[in-house]
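Peer 1: What follows is a structure written as structure tokens; I'll ask about it next.
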Amino acid sequence: MTPGTRKRQPSLAQLRAFAAVAEHLHFRDAAAAIGMSQPALSGAVSALEETLGVTLLERTTRKVLLSPAGARIAARARAVLDEVGALMEEAEAVRAPFTGALRLGVIPTVAPYLLPTVLRLVHDAYPDLDLQVHEEQTSSLVEGLAAGRLDLLLLAVPLGVQGVTELPLFDEDFVLVTPLDHWLGGREGIPREALRELNLLLLDEGHCLRDQALDICREAGRGDAPVTTTAAGLSTLVQLVAGGLGVTLLPRTAVAVETSRSSQLLTGYFADPAPTRRVALAMRTGAARAAEYEELAGALRVALRGMPVKISPSGV
């Protein structure tokens with residue numbers, strides 16, 4: 001290349017056209033997917049091949065195939081387009097805070113009890129925010145945050161994950177839920193050591209609440225007793241307790257909802273300091289919308305003051 005000359009570079013329109021064809025392997029479907037005419041799409045792909053100097057597609061009368069070079073470049077094209085999309089989202093966030101989409105991931109042991117407050121706050125304070133809620137287990141949420149599939153998480157912490165910043169909302173006690181005839185039913189000042197001999201019912205593996213309950217039991221001196229009965233959700237877990245199969249631990253925010261479904265339950269409270277969990281928002285460290293997420297966390301701390309929790313100071 002002589003001084004002063006520059007290689008031509010592909011345009012975003014060319015990359016978008018080729019990425020659509022690579023995804024659909026059909027010119028008509030690809031054109032419809034990105035709102036471009038079929039001749040314009042074909043011309044953009046041909047122009048990209050000329051610019052790059054490689055054959056991207058193998059065209060036959062019946063189908064379209066990616067060439068080996070096309071398969072490699074398709075992945076690169078998609079990555080470039082994703083980065084351009086992220087750039088536009090960042091610019092939009094700077095121009096107009098609390099607008100556009102916010103993809104919020106929530107764990108199942110938080111969602112039913114906090115989402116009404118979250119949704120009411122967003123509706124009243126941030127009406128232009130397009131809140132999209134995804135309920136998943138912790139590991140899936142953390143993966144989604146790292147991959148950019150999710151923007152913000154609402155879950156129990158600490159996560160101990162590099163590149164994730166936690167914005168604590170509150171701490172809440174665990175309580176003991178028992179059948180009516182249980183000797184600890186309705187008691188206050190229950191020592192943690194009582195957990196050593198109880199038939200404790202837990203959630204299935206993968207739920208962070210299960211791990212927290214097991215940690216509490218170990219701190220109380222309980223060994224790794226076998227768990228013979230588990231449940232996929234807290235509602236089922238509480239019904240098993242009502243049926244006399246054992247006892248369980250519930251976070252305070254879940255008690256009103258879950259115990260109201262049966263008259264065969266009692267709630268016991270631990271002696272201070274009671275076992276607790278911390279709930280927080282979590283975001284990617286250095287996120288473009290970090291200031292918005294911090295403001296949202298502050299607004300949530302205020303909105304949650306009526307719940308049986310201990311609100312976290314800002315920044316703790």
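Peer 1: Distance in nm between label sites at Ala220 and Asn199, each 7 Å beyond Cα in the beta-carbon direction?
Peer 2: 1.6 nm
Peer 1: What does the helix-only formula give at 222 nm for the chain: each DSSP H stretch with n ≥ 4 adding -39500 (n - 2.57), the total divided by the residues, and the result rounded to the nearest 500 deg cm²/dmol?
Peer 2: Calculated at 222 nm, the ellipticity per residue is -13500 deg cm²/dmol.
Peer 1: Follow-up. Debye sum, Cα scatterers, the stretch 66-125, no solvent: what log₁₀ I/I(0) at q = 0.14 1/Å?
Peer 2: -0.67
Peer 1: If you add up the charges near Gly163, with Lys and Arg at +1 and Asp and Glu at -1, over every other residue whose beta carbon is less than 13 angstrom from its beta carbon, what do you get?
Peer 2: -1
Peer 1: Determine ³J(HN,Hα), in whole Hz, for all residues of the stretch 264-281 in sequence, where each value follows from phi through the Karplus function 6.51 cos²θ - 1.76 cosθ + 1.60 and θ = phi - 60°; x replaces Gly and Pro.
Peer 2: 9, 10, 10, 10, x, 10, 7, 5, 5, x, 6, x, 9, 9, 10, 10, 8, 8
Peer 1: Each residue of the stretch 121-135 in order: what ³J(HN,Hα) in whole Hz does its phi give by Karplus 6.51 cos²θ - 1.76 cosθ + 1.60, θ = phi - 60°, with x for Gly and Pro?
Peer 2: 4, 4, 4, 7, 9, 10, x, 8, 8, 8, 7, 10, 9, 10, 9
Peer 1: With a cut-off of 8 Å between alpha carbons and a minimum separation of six or more residues, what is the relative contact order of the chain in percent?
Peer 2: RCO, the chain: 21 percent.
Peer 1: Hey, any idea what % of the chain's accessible area is carbon plus sulfur with a 1.4 Å probe?
Peer 2: 52 percent
Peer 1: Rounded to the nearest 0.05, what FRET efficiency do Glu90 and Arg261 give with R0 = 51 Å and r taken as the Cβ-Cβ distance? Could you check?
Peer 2: 0.70
Peer 1: Rolling a 1.4 angstrom probe over the protein heavy atoms, how many square angstrom per residue are accessible across the chain?
Peer 2: 52 Å²
Peer 1: Here's a follow-up. On full extension of the chain, what length is gained from Gln9 through Lys310, given 0.36 nm per residue of separation minus the C-alpha to C-alpha distance?
Peer 2: Length gained between Gln9 and Lys310: 102.7 nm.
Peer 1: Okay, moving on. Full-extension gain between Ala290 and Val161, please, as 0.36 nm times their residue separation minus the C-alpha to C-alpha distance.
Peer 2: 44.7 nm
Peer 1: Please report the antiparallel percentage of DSSP beta bridges with both residues in the chain, rounded to the nearest 5.
Peer 2: Of all bridge pairs located within the chain, approximately 65 percent are antiparallel.
Peer 1: Report the label-to-label distance for Val133 and Leu25 in nanometres (one decimal), using points 7 Å from each Cα along the Cα→Cβ vector.
Peer 2: Distance between the two pseudo-spin positions: 3.9 nm.
Peer 1: Compute the distance in nm between two label points, each set 7 Å from the Cα along the Cα-to-Cβ direction, one at Ala33 and one at Asp181.
Peer 2: With each label point 7 Å from Cα toward Cβ, the separation is 6.2 nm.
The values are calculated or read from the model by the stated rules, or taken from the named source; none is laboratory data. This one's a predicted model, so the numbers in the text were calculated from it and none came from an experiment. Note that each Cβ is placed from the backbone with ideal geometry, even for glycine, and that neighbours are counted across all protein chains shown. Just the protein is used for accessible areas: all its heavy atoms, side chains included, with ligands, DNA and RNA removed. Shrake-Rupley method; radii C 1.70, N 1.55, O 1.52, S 1.80 Å.
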